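Colleague: Attaching a single structure in structure tokens format; questions to follow.
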Amino acid sequence: MFGNMGNMGNMAGMMKKVQKLQADMAKLQEKLKARTVEVSSGGGAIKIIINGEKQIQSVKIEPSAVDPQDVEMLEDLIAAAVNEAIKKVDDMMAAEMGKLTGGLNLPPGLF
């Protein structure tokens, strides 16, 4: 009978740890949303700043990248920069969450 009491105490302790982890992760996510990442493509012809919510904050295009005869190249450079910016935000989020969870290998989407 008393053996089960120990298990219940362990379970309650584990639940408290999980709740604290959830709260810490929520705080970290809010903090990371405000962070920005800068990415460039085309040797700096295109520069994009994106925040942690994956919202583009600014786009800078060097005049030399604007060629009316080759709009497709400009489109490709912008697409490459945006895709890289999104990847960098994902990597930043994963790295920071990994620090918080201490490499627990939690399944994606658990929190």
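The values are calculated or read from the model by the stated rules, or taken from the named source; none is laboratory data. Computed from a predicted model, the values in this text were never measured in an experiment. Reconstructed Cβ throughout: ideal geometry from the backbone, glycine too, with neighbour counts over all protein chains shown.
Colleague: Which pairs do you get when a residue that is within 28 Å of Ala34 (Cβ to Cβ), found in segment 54-81, comes within reach of a residue that is among the aromatic types (Phe, Trp, Tyr) and loosely packed, with under 10 Cβ neighbours inside 10 Å, reach meaning Cβ atoms under 8 angstrom, with the pair 6+ apart or on two chains?
Modeller: Short answer, once both residue conditions are applied: none.
Colleague: Would you point out which residue out of Glu53, Glu84 is within 17 Å of the chain's Cα centre (by Cα), surrounded by 11 or more Cβ atoms within 10 Å (Cβ to Cβ) and in a helix (DSSP H, G or I)?
Modeller: Glu84
Colleague: Among the numbered criteria (1) in a helix (DSSP H, G or I); (2) loosely packed, with under 14 Cβ neighbours inside 10 Å; (3) modelled with pLDDT of 95 or more, which single criterion is violated by Ser58?
Modeller: Ser58 satisfies all of (1) in a helix (DSSP H, G or I); (2) loosely packed, with under 14 Cβ neighbours inside 10 Å; (3) modelled with pLDDT of 95 or more except (1).
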